[in-house]
1. Does Ile152 satisfy the criteria of being among the hydrophobic types (A, V, I, L, M, F, W, C), under 30 Å from Pro268 (Cα atoms) and out of contact with any Lys or Arg (no Cβ under 6 Å at 6 or more places or on another chain)?
2. Within segment 52-105, track down each residue that is touching a residue at least 24 places away in the same chain (Cβ under 8 Å), aliphatic (A, V, I, L, M) and under 30 Å from Val225 (Cβ atoms).
3. For the structure I just gave you, tell me whether Arg216 is in contact with a helix residue (DSSP H, G or I) (Cβ under 8 Å, 6 or more places away or on another chain) and modelled with pLDDT of 95 or more.
4. Gly325 passes all but one of (1) in contact (Cβ under 8 Å) with a residue 12 or more places away in the chain; (2) farther than 17 Å from Arg208 by Cα; (3) out of contact with any Pro (no Cβ under 7 Å at 6 or more places or on another chain); which number fails?
5. Among the strands (runs of 3 or more DSSP E) contained in segment 39-147, which hold 1 or more residues that are assigned by TED's automatic domain parsing to the domain that holds Thr198?
6. Being in contact with a Lys or Arg (Cβ under 6 Å, 6 or more places away or on another chain) and either outside the structural domain of His167 (by TED's automatic domain parsing) or surrounded by 15 or more Cβ atoms within 10 Å (Cβ to Cβ) (or both) is the filter here; which residues of segment 255-268 pass it?
7. Applying the selection to segment 173-206, what residues are touching a residue at least 60 places away in the same chain (Cβ under 8 Å) and over 24 Å from the mean Cα position of the chain (by Cα)?
8. Can you name every residue in segment 278-300 that is surrounded by fewer than 18 Cβ atoms within 10 Å (Cβ to Cβ) and in contact (Cβ under 8 Å) with a residue 60 or more places away in the chain?
Amino acid sequence: MQPIVLELRESWLRVPLGDDAESDFHFRFLRHNCPCDRHPLTGERTLCSSDIADWIRPALAQMVDGDLEIIWPDGHMSTYPRAWLREHAYAVGAPEVPRIPADPARLEIQAAGRSLADQVAAALERVEREGAAIVRRDPGSSVAPEDATEAIIEAFAAAGLAIVPTHFGRLEDLRTDNTTNANTDQLGYTDAPVDLHTDQPFIAAPPRLQLLHSIRAADRGGESVLADARSIFRYLEASDRRVAEVLASVPVRFHRRQRAFESVVDSPLIADTSEREFMIRASYFTLAPHRVDFAAMAELYRAHDRFFRLARDPRNHYETLLRPGDWLLYNNHRMLHARTGFKGPRWVRGIYFERQDPAGAARAG
């Protein structure tokens, strides 16, 4: 019988146990319980788990005649009989740990053949489902990108959304030669890379929606990057429960100080865990020193870093280049966003939106 190669997940694999039963096993658990690490006379264990690297990962895992065979990075081979696996399975029938989406094609909408109102409606529906939408400019359009921004804003207003001004102004001209916005002393107005974050985590009510309208692409670089924080958090809820609990319960401080603006907010990184109202606050450049007691500090760092190592893994990114006239709409409460460094002039306009309530006041939604 041909061996069946098994898929390796981040720190575990799913093993068929026969009779349509399956169980997940962590790599660390399996290496700790290798049958080879027993005294030949007494059968007692000879390996302590502290001797095993924290993130050990097999070189190969396969099923051979119903038994699990693993080859470890050092060449050691462990074989686990099916009967042993069934006896010691601790996750039989466990739900599949949700995947973290990363294919930009699932976000894309082509503007060609659609009215602006239809583009906005399609983008809002895509954001509700996926967290973000990329609208690709109609190649046949004769409107210069810089002349299209206000028409896009009007289409959002017709769909029941209103601009949310910030300490930068009504909209942001994200360009190195900016002369139109206040408080431009921050990374977005340089050509430096900006890593994954959410906008305005340091104010009481960060705007939910942000539109980035590409006016001019850089000569080199300047790609937009997104990561779905809600999917990453759901992944951790299913695979590292304590990390998820710390992220959703331990407050951290965000502090923004600029020439003409200052604001401070204390909040857990995951401020709301519900499906519809999920909210993350994240900004490595405005994160203040942590304010927890000595015994809690290591745990907070472990949770924070576990989350962001997943978020910063390119395998968990949507990455795309916005060409002139393209626009990106995303849920700032759900999606982390970033951009790569670039060379040459680049111009992107940023606008925040909120839903309007029946009385006409902007609200989150």
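1. Taking the combined requirement at face value, the residue does not satisfy it.
2. Listed by number, the residues that qualify are Ile56, Val97, Ile100, Ala102.
3. For Arg216, the condition - in contact with a helix residue (DSSP H, G or I) (Cβ under 8 Å, 6 or more places away or on another chain) and modelled with pLDDT of 95 or more - is met.
4. (3)
5. Once the strands (runs of 3 or more DSSP E) in segment 39-147 are filtered for at least 1 residues that are assigned by TED's automatic domain parsing to the domain that holds Thr198, what remains is 108-110, 132-136.
6. Across segment 255-268, the qualifying residues are Ser263, Ser267.
7. Asp173, Arg175, Thr176, Asp177, Ala182, Asn183, Asp185
8. Tyr284, Phe285
The values are calculated or read from the model by the stated rules, or taken from the named source; none is laboratory data. A quick note: this is a predicted structure, and the numbers were derived from the prediction, not measured. We place every Cβ from the backbone using ideal geometry, glycine too, and count neighbours over all the protein chains shown.
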